[in-house]
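Q: Can you read through this structure? Questions will come right after.
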Amino acid sequence: MDKNDIMPFHLFNHQGNHYMINIENMRASSVEEIDAQTLNMIVTEPKVSLTAGLEADLKRLELIFEAGEKSRKTARRESFSLVKMMLFLTQSCNLKCTYCYGDGGKYGTGGSMDEKTAFQAVDWLLEQSGKMKKLHICFLGGEPLLKFPLMKAVVDYAEKRVPEAEKEVDFEVITNATLLDDEKITFIKEHGLSVAVSFDGPKAVQDAQRPYANGEGSYDSTVPKIKKLLAVLPEASAHAVIVGDTGPQLVKEALQKIGFAEITITPASKSLFAAEPGKTNPARDTWHLLRELEQESETWIRLTRSRDAAALRSLMTRSGLYQGLISLLHNRKRLYACDAGLRVAGVSCAGDVYLCHRFVGRDEYKLGSIFAKDLNREVYQKSPTTDNAVCAPCFARYYCAGGCKHDHAGSTGSAALPSEDLCRLRCRELELAAAVICRLSPEDRTFLIENHIFTPKPCPLDF
């Protein structure tokens, strides 16, 4: 036996305890001091002899490849059919967000989509979807509700065309909520649109980061409309963006007070419309996010041991560690961070097709057009877990799966080169999730599953 027979692992210390992540199996384990010394010796001494005793230790830690297992490590190659279209009804906006990655909502060109192009986009999606039966259309901009009549027309057209092809379609709208009224909310409810609201939390933060184009704050005029939406669609989600040293917990509490149950928070992405993306933008300071993750890991343990199911369900909807917890609990390996260029594409007002909605207006990420059949997307169908020189050796590769290509492009100038600040954040997420998983007793896990906080591990025979 040589070192090629040892499964890759990541060893780390948290609060004086040793933990190990089995990278290929996405499994977290606590290790004793003696095991930590053994593992550290393997890492630091390249010529260490793998004695029978050492081999036994590695087997006990489940770090020995089974026969034929190494040959299955390579990520599979797939053929992807597009099933989700991010449709730009307009490339204009009534807000002037300070961090907008879309050039004030214009994405470089501005303009609005006409009905003919919109209907062609639906037909194009039907063709691109191949044998796939379930399609998704997401309306966005700019602010898509500026073109509400066109949205209604597209929904009506798609609801007629898609069943003719013996397929199904659902709809989503990403909105700043400033234009919501009774008519729009009724339409959204009647046609089953899911809604994601972009809103940054407390009044001071929202008004500073997301003012109207005339400079006025948007909080006071928008919150009543959001509450009216949530009264009809309580499942509508909120997405907030962190700029500077704003505390994530402050943002979460403000959004929960408004009424949101599902909340996501991310650091601001850097615009590709800056003079030199990746060069003029300084690295983000993510210390406050890292600090909150540390606190959250302890909250998971405390609430689980006190059997506070209600508080855990609330924590689950706004957790920065939840995906890491589930990934390790289910031993789940992700090969792609998202479906951009695989199953998802962004369509501009003019009908040009881009890697995703965030890349609209940047010709270097244009894949084709809805007026043509072929798309140039082969390079994006390679998994970063095996084909990216930075990601392939990373212990978090099957959790992060390469990260957001748009964030990379804005931070480093290349969609393939991850930003160090977000790499650090994702790696720590996985480490803390591993520490939490290892500290949960079998009774803790049963409690979390029975109360629908964790989902049971899927059976490998289920399809």
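Q: Around Glu143, which amide H atoms from residues at least 5 apart in sequence, or from another chain, sit under 5 Å from its own amide H, with H modelled in the peptide plane?
A: It is Ser92, Cys93, Asn94, by chain and number.
Q: Could you give the length gained by full extension between Lys333 and Asp5, i.e. 0.36 nm per residue of separation minus their alpha carbon distance, to one decimal place?
A: 116.0 nm
Q: Next question, about the same structure. Which percentage, to the nearest 5, of the DSSP beta bridges contained in the chain is antiparallel?
A: 40 percent
Q: Of the labelled options [x] 23.7, 74; [y] 22.6, 75; [z] 24.0, 78, which one gives Rg and Dmax of the Cα atoms in Å as computed for this structure?
A: Computing Rg and Dmax of the Cα atoms in Å and matching it to [x] 23.7, 74; [y] 22.6, 75; [z] 24.0, 78 gives [x].
Q: Taking the dipole about the Cα centre of the chain, with the C-beta of Lys and Arg at +1 and of Asp and Glu at -1, give me whichever of Ala311, Gln256, Tyr336 is farthest to the positive side.
A: Result: Tyr336.
Q: Relative to the present Cα-Cα distance, how much length would full extension add between Lys457 and Glu32 at 0.36 nm per residue of separation?
A: Full extension of this stretch gives 150.3 nm more.
Q: Let me ask another. Amide H of Ala337 versus every other amide H placed in the peptide plane: which residues, excluding those fewer than 5 positions away on the same chain, fall under 5 Å?
A: Gly403
Q: Sticking with this one: Enumerate the calculated ³J(HN,Hα) couplings along the stretch 224-234 in order (Karplus 6.51 cos²θ - 1.76 cosθ + 1.60, θ = phi - 60°), each rounded to whole Hz, writing x wherever the residue is Gly or Pro.
A: Once rounded to whole Hz, the list reads x, 5, 5, 5, 5, 4, 5, 5, 9, 10, x.
Q: Quick one: if the Förster radius is 41 Å, what FRET efficiency do Leu233 and Phe65 give, using the C-beta to C-beta distance and rounding to 0.05?
A: 0.25
Q: Order the peptides 393-406, 246-259 from the highest to the lowest mean number of other Cβ atoms within 10 Å of their residues.
A: Descending packing order for the listed peptides: 393-406, 246-259.
Q: When the Karplus curve 6.51 cos²θ - 1.76 cosθ + 1.60 is applied with θ = phi - 60°, which whole-Hz ³J(HN,Hα) does each residue of the stretch 426-435 get, with x for Gly and Pro?
A: After applying 6.51 cos²θ - 1.76 cosθ + 1.60, I find 5, 4, 5, 4, 5, 4, 5, 4, 4, 5 Hz.
Q: If R0 is 30 Å, what FRET efficiency do you get for Leu375 and Ser194 from their C-beta distance, rounded to 0.05?
A: Given R0 = 30 Å and the Cβ-Cβ separation, E is 0.70.
Values quoted throughout were computed directly from the atomic coordinates according to the rules given, and no laboratory measurement underlies them. Computed from a predicted structure; not experimentally measured. All Cβ positions, even for glycine, are placed from backbone atoms using ideal geometry, and neighbour counts span all protein chains on display.
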